[in-house]
1. Expressed as a whole percentage, what fraction of the accessible surface of region 31-217 belongs to carbon and sulfur atoms when a 1.4 Å probe is rolled over the protein heavy atoms?
2. Give the accessible surface of region 31-217 per residue, rounded to a whole number of Å², with probe radius 1.4 Å and ligands, DNA and RNA excluded.
3. Please give the length that would be gained between W71 and E187 if that part of the chain were fully extended, namely 0.36 nm times their separation in residues minus their C-alpha to C-alpha distance (nm, one decimal).
4. Determine how large the accessible area of H336 is when every protein chain is in place; take a 1.4 Å probe and give Å² rounded to the nearest 10.
5. In the full protein assembly as shown, how much of T206 is accessible to a 1.4 Å probe, in Å² to the nearest 10?
6. Using θ = phi - 60° and the Karplus curve 6.51 cos²θ - 1.76 cosθ + 1.60, what whole-Hz ³J(HN,Hα) does each residue of region 125-137 get, with Gly and Pro shown as x?
7. Residues with amide H under 5 Å of G200's amide H, sequence separation 5 or more or different chain, H placed in the peptide plane at 1.01 Å from N; which?
8. Classify region 31-217: rounded, prolate or oblate, from the alpha-carbon gyration tensor (a ≥ b ≥ c, eigenvalue square roots; a/c under 1.5 rounded; otherwise prolate if a/b is larger than b/c)?
Amino acid sequence: MRRETGDERRETGGTAAALLPSLVSLLPFLHPLRWLRQRIDAWVLARVHKRPGPIEVPRNRVYIVPTRFGWGFALMCIVMLAGAMNYSNSMAFALSFLLMGLGLVCMHHTHANLVHVQLRAGRVRPIYAGEPAHFEIVVDNAASHVRYALAASWARETNAEPASDVPAQGFTSVNLSRIAPRRGWLEAGIFEISTEFPLGLFHAWTWAHLDMRCLVFPHPARPGVPPPLSAGSGGTAGAGRSGQDEFAGLRDYQRGDAMRSIHWKSLPKSGTPMVKLFSETVEQALWLNWDSAPGQDIEARLSQLARWILDADGEGRAYGLRLPGVNLAPGLGEMHRFECLKALALFGREK
């Protein structure tokens, strides 16, 4: 078997590189509709800028092209008109012009179905890395008529969400999802609102870029690795303060003590009322330190810290977080958990 020499391989590669521009130049002839849509998309996307919202869709920002059924419908009308001209059939002329007029009216309604619709950002819930981020887009309709069959999708993606109607002088919400590959802020990007109402002969769309982003927490590590004592966790101190956990004895009644705290069984023996004393176990706060997380990889350490935060929160234990340049005091609750996970998500990233 003969092997190609280096010169022959270079010559073959040079020939393929020389043919590539020729193949690209044939794209308008091989796939004219796809080439035309790509040119339109590139021209429009260059003029879409991020805005805080609400964004009102003007008439000159609604773009419309025939669908596959629209092109077939136009071809059918042309064939019928040619047959009517060939046979001088007045009924064929009437039917051809009626269908053409129907197509023009359909194009007008499809375009008008998007004009003056307002778009604004909705709620975006934080997620963990690897999960889909859901961006809520609120579509407002200030007109006195219903907007039918509006669908949303990401720019240059064919998979659109199910179409929904917007009631007159009302609103509806659509959700667009995108997988979050890494922690930090995930920008929503440019999305498309489109419609093919009423007959599906034309596809009208507009693009918008709302100032929306989703906070992505580090993906928690697998459970099973407890936080080490060197992470700042303390032990337990018994009977450090009064509480309602364990019975600790009796004391003399003082004015102002609650009636339910009186030990009535001892009253016949002592002759004076006695009050029950209780003590509770005081648990020191757990400190989660960056240096105590196992491993050398930054993402692995952040994942382990996220796991410890979730475990401590599930146990109802107060915890604090110490990262290089970050020191969050111990606390409890949903807001404290959010602040700790947010610190992990934005560690080493832009705020």
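The values are calculated or read from the model by the stated rules, or taken from the named source; none is laboratory data. Note that the coordinates shown come from a computational prediction; the quantities given were computed from them, not determined experimentally. Neighbour counts run over all protein chains shown; Cβ positions are idealised from the backbone, glycine included. For accessibility, only protein heavy atoms count, side chains too; no ligands or nucleic acids. Shrake-Rupley method; radii C 1.70, N 1.55, O 1.52, S 1.80 Å.
1. On the way: 6360 of 10440 Å².
Roughly 61 percent of what the probe reaches on region 31-217 is carbon or sulfur.
2. Value returned for region 31-217: 56 Å² of accessible area per residue.
3. This chain segment gains 38.1 nm when fully extended.
4. Accessible area of H336: about 30 Å².
5. Taking all protein chains as shown, T206 has close to 10 Å².
6. So the J values, rounded to whole Hz, are 8, x, 9, 9, 4, x, 9, x, 8, 10, 9, 8, 10.
7. none
8. In terms of gyration-tensor shape, prolate.
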